[in-house]
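Single-structure report; data block below.
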Amino acid sequence: MTCWIARDVVYAQPNGMPLAMDFFRASLADRVPMIMLLHGGGWCTGNRQVLDGVAQMLADIGYLAVTVSYRLAPAYPF
C-alpha cells in the first residue's frame with residue numbers, strides 16, 4: 001500500500017539548528033491514532049530515516065506514524 005508522506009517538517013530550531021520530523025499516513029480523510037517513533041542509538045547516534053519501514057507499516061494498518069529527529073550527545077547531553 002502507498003501512503004501519504006510529508007518529510008522534513010521542522011518542529012523546532014534550538015540555537016538555529018533545525019529539528020525535523022516525517023509523517024506517514026494512509027489517508028488524509030479521517031482522524032486516526034498517532035504513534036511517535038524515536039530511533040535508537042543511545043541518544044548518541046542514528047537518524048529518523050532508519051524507521052521509515054516501520055512508519056510505512058504502521059501507516060498501512062491505519063496509524064499516523066511520525067519519525068522525529070533530536071539533537072545527539074555528547075554535543076547536546078540533555
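The values are calculated or read from the model by the stated rules, or taken from the named source; none is laboratory data. On a predicted model such as this, the values are computed, not experimentally measured, just so you know. Positions of Cβ are generated from backbone atoms using ideal geometry, with glycine treated the same way; all protein chains shown enter the neighbour counts. We work out accessible area using only protein heavy atoms, side chains counted, and drop any ligands, DNA or RNA first. Shrake-Rupley method; radii C 1.70, N 1.55, O 1.52, S 1.80 Å.
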Mind listing whichever residues of region 12-28 are closer than 26 Å to G62 by Cα and open to solvent by 100 Å² or more (accessible area, probe 1.4 Å)? L28
Between a first residue in region 10-21 that is within 13 Å of Y76 (Cβ to Cβ) and at pLDDT 95 or above and a second residue that is of a type in the set (V, I, T) and surrounded by 10 or more Cβ atoms within 10 Å (Cβ to Cβ), which pairs have beta carbons less than 8 Å apart while being 6 or more apart in sequence or on different chains? L19/V10; L19/V68
Total residues in region 52-63, condition surrounded by 12 or more Cβ atoms within 10 Å (Cβ to Cβ) and over 16 Å from D8 (Cβ atoms): 8
Scan region 40-51 for residues that are open to solvent by 40 Å² or more (accessible area, probe 1.4 Å) and either more than 17 Å from L19 (Cα to Cα) or not β-branched (V, I, T) (or both) and jot them down. G40, G42, W43, C44, G46, N47, Q49
Extreme residue, farthest from M17 (Cα to Cα), among residues of region 62-78 that are hydroxyl-bearing (S, T, Y) and in a loop (DSSP other than H, G, I, E, B): Y63
Output the residue which, of all residues in region 46-61 that are out of contact with any Ser or Thr (no Cβ under 9 Å at 6 or more places or on another chain) and in a loop (DSSP other than H, G, I, E, B), is farthest from R31 (Cα to Cα). G46
Being open to solvent by 40 Å² or more (accessible area, probe 1.4 Å) and touching a strand residue (DSSP E or B) at 6+ places or on another chain (Cβ under 9 Å): is that true of V66 here? no
When you go through R7, R31 one by one, which is the residue that is part of a strand (DSSP E or B) and open to solvent by 100 Å² or more (accessible area, probe 1.4 Å)? R7
Pull out all pairs, ordered by first then second residue, where Cβ-Cβ is under 6 Å, the residues are six or more apart or on different chains, the first lies in region 50-78 and is more than 12 Å from W4 (Cα to Cα) and of a type outside the set (D, E, K, R), and the second is open to solvent by 70 Å² or more (accessible area, probe 1.4 Å) and in a loop (DSSP other than H, G, I, E, B). A73/W43
